[in-house]
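**Student:** Sending over a structure as structure tokens; questions will come in a sec.
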Amino acid sequence: MSEQEISLAEDKISICDDRDEEIDICASAENFHQMGLLYKVKSPDKISLIRSAALLNAAISRQPSNPQFKDDLQQFCTELLETAGAEKMDADLMQISNQAAQMIKEMRDTVQQALSRLETIPYDITIGEQNQLEVKKIHDIKLIQEQITQKYGDVMRYIAEKCSEIMGKKPCEFCIAAMGSLARSEVTPYSDFEHFVLLEDGVQNDLENYQEILEYFGWFSVIFKIIVINLKETVAPSIATQILNDAINQSAQVSQSDTSAKNADTKLWTTELIRPVSDMVKYLDSDTNSYDGVELCGVFRQTTFVLGNEEVYAQFTSQVKSVSQTVKESSHAALKEKLEEDLKKFSAFQDINVLNACLKQNVFCRFVTFVFQLGRLHSADEKSPFLIIQQLNASKTINDETARLFSYALAVSYQILLYLEITKRIPDGCFRENPLPKDDTCHKLTDILGEKSVVDYFIIVEKLQEVLRRHYLHCDITIEPEDKFRKLFVLGLYDRIVSEGEKYLESNLIVNDSHWWIQYHVACAHDRKQQYQESLAIWEKLHDQEIRDDWLKGAVMVNKGRCLLDMNRHREASLYAKRVAAKLQGLEVSKSRKYRWLSDLAYIGGWCKYEIGDYREAIKDYSQNLKYMDFVDERFDNYKQVNRARTHFNIATCLYLLGDNWSALTEAKKSLDICERHNLSEDDKSNCYQLLGCCCFVKSEFDKALEYFKTELELRQQFVLSEQQDSDEDIKIAIDNIQMCSDIVEMN
């Protein structure tokens, strides 16, 4: 980079805080303006011109009242038409962008109004009424998607027609085709304009004229992109601007989730998407050619016509279909491999835990992805996910009920995606892309969809993942009553579990494993609500039943022990934990699960003996817990580390109370080491520092004790709200301990 580029990158860093949010918007606007002018002088390099337009628009977005910025952008557009050799030199690109922006705004307003009219599905209705409401939601979402697809296509056609008018007489027959979400009829109100230009076959044979043709459509595409950029919705780092991306990469705080900013340098336009039909089809045979990181061999199977010669597009789709048939077997194997990878990486159970606090857009994209993968596994050639489901239903791959459930889950998925797109905001004071709403503006799922739809959605997602894991022939799914209670529990809807559980158990006279599972979830809900008496009554009832499911048997045993502990019935809980540990050994469950339960029972025993003052016996139980932890599957690594850290701390506490301060120090340091290495809670770390300080104090090592207490206080002040610190008992104790140690150190 030149000295001027380096200086601008350094300026960008200086006007942002450690979260890359701009401190001084006016200074940032001028910085973008200077970057834009710098890239402008690199013309006629087409990519530099695109970057220049994005940077100039970024400046205007931050300081729209600055007339110089607007004049420079207008001058840029005028000079662009001269450089491109346009026929219509007086075209107003800014006006074209404004008209396109108005079309997009009207579309977004329509979508927002349609979303606000969508009904939530309540609990207290019949199955028939529920099905009617679900079918209505499917219909409404389909209609919204069709409207967005049509309107987005209209905007693309409008811009493309204007570009054609500006450039003048076409040198050959061509067409513009859309790819990505628009081609799949799942475009959202903020989707990108992903397209490519197909030229009629044969033009490549006349080498002299062919270069002129490519130049014509190259400038056609640049003008198209700059009209889109003038909408002022393009995030500058996404167009691989070296100055800006160097500033981001040098920033001390680089967000792990900001892939567009971090990876923008790799998104150079190395793949030319202006080609004759036969040359473009060659991408289908290639695993190396990609556009913005997306393999074109997959993208080109789903496209749609936008503008131009329909015969050229028909030739392309025909050749794509022909080539796709020849590579079907090898691609099928690759798809299965990718599917297995995705199923390991993405879990509906894990996703639902993430979503309890904040919505994540990519989580809802995954269900759509799995529908596409299911369709490709069964050679479904439809482009839209809804149509793929219909095709799978018609071929008897899935039955009518499964098709309805998949379609409903798809509708819910699109509803939340559209909601996120409509409410998505890129803060004015941030030069890095921020594709999701901030947490404080993000509603919970249940506020948007209603409890029932959230529960049903995740059940269907999990069921789809189950059938994809097990087989690929028939993919029918059924939803059992216990499925709903399990999801309600994960979502933390404990009141709903209790009320629905009571109604279900009263109305269902059949006593079977499903019956016991629902009682299990009701008992767990009472536990979480700290209604231990109600919970214990259910655990005791279940404990006496002839339950066939060994997993459920073991879970009941362990949960009863936890409940007795929570009720402070320590002697009873200790004896119970020891008694049922022997019974667990005979259950037919995985080794990992069995040892996790044995670990829980040992921990319960240790805690109970600590509470009744039998510290030596407590240490024995805690030590047994650590041995059991070694056999627990690594999938539960976070659980294991938390368990180990707290167990070592509990052992240290017992040793301290027994007067063995040296051993207590050793165990407390083990606990702290686990907390530090695995980044466990600040509360756990604080407790360790407090105990270390106490041990050193008793050993008369007052300097060390003082340092431990000071560190404890710093940690506690980090996670206790400032307005609550004066009343926090642990903080008060830490301050007293610091004062006491300080006085002794000064005296010595």
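**Student:** Restricting to segment 660-695, and then to whatever is modelled with pLDDT under 95 and not in a helix (DSSP H, G or I), can you tell me which residue is surrounded by the most Cβ atoms within 10 Å (Cβ to Cβ)?
**Tutor:** The extreme case among them is LEU680.
**Student:** Still on this model: So which of THR317, THR271 ends up being modelled with pLDDT of 75 or more and surrounded by 14 or more Cβ atoms within 10 Å (Cβ to Cβ)?
**Tutor:** THR317 is the lone residue from the list that is modelled with pLDDT of 75 or more and surrounded by 14 or more Cβ atoms within 10 Å (Cβ to Cβ).
**Student:** Within the bounds of segment 623-640, is there any residue that is buried (at least 22 other Cβ atoms within 10 Å of the Cβ), in contact (Cβ under 8 Å) with a residue 24 or more places away in the chain and either polar (S, T, N, Q) or under 22 Å from LYS685 (Cβ atoms) (or both)?
**Tutor:** yes
**Student:** If you don't mind, another one. Just to check your reading of the model, which residue among ILE13, ILE23, ILE60, ILE6 is closer than 19 Å to GLU233 by Cβ and aliphatic (A, V, I, L, M)?
**Tutor:** ILE60
**Student:** Checking the condition outside any helix (DSSP H, G or I), touching an Asp or Glu at 6+ places or on another chain (Cβ under 7 Å) and surrounded by 16 or more Cβ atoms within 10 Å (Cβ to Cβ), which residue from VAL558, VAL589 passes?
**Tutor:** VAL589
**Student:** Looking at MET103, is it in contact with a Cys (Cβ under 8 Å, 6 or more places away or on another chain) and either of a type in the set (A, V, I, L, M, F, W, C) or assigned to a helix (DSSP H, G or I) (or both)?
**Tutor:** Here the answer is no, as MET103 does not meet what is asked.
**Student:** Out of PHE364, PHE370, PHE305, PHE346, I need the residue that is under 26 Å from the mean Cα position of the chain (by Cα) and modelled with pLDDT of 80 or more. Which one?
**Tutor:** Of the residues listed, the single one that is under 26 Å from the mean Cα position of the chain (by Cα) and modelled with pLDDT of 80 or more is PHE370.
**Student:** Just one of (1) under 27 Å from LEU387 (Cβ atoms); (2) crowded, with 18+ Cβ neighbours inside 10 Å; (3) modelled with pLDDT of 90 or more trips up MET179, so point out which.
**Tutor:** MET179 satisfies every listed condition except (3).
**Student:** Let me ask something else. Can SER514 be described as in a helix (DSSP H, G or I), at pLDDT below 90, more than 25 Å from the chain's Cα centre (by Cα) and not assigned by TED's automatic domain parsing to the domain that holds LEU374?
**Tutor:** Yes; evaluated as a whole, the condition is true for this residue.
**Student:** Then there's this: Go over the candidates GLN130, GLN147, GLN95 one by one and state the one that is modelled with pLDDT of 95 or more and either touching a Leu at 6+ places or on another chain (Cβ under 6 Å) or over 28 Å from GLU200 (Cβ atoms) (or both).
**Tutor:** GLN95
**Student:** Kindly provide the set of residues from segment 73-90 that are within 43 Å of the chain's Cα centre (by Cα) and surrounded by 19 or more Cβ atoms within 10 Å (Cβ to Cβ), ordered by number.
**Tutor:** LEU73, PHE76, CYS77, LEU80, LEU81, ALA84
The values are calculated or read from the model by the stated rules, or taken from the named source; none is laboratory data. Because the structure is predicted, anything quoted here is derived from the model rather than measured. Cβ: placed from backbone, ideal geometry, glycine included. Neighbour counts: every protein chain shown.
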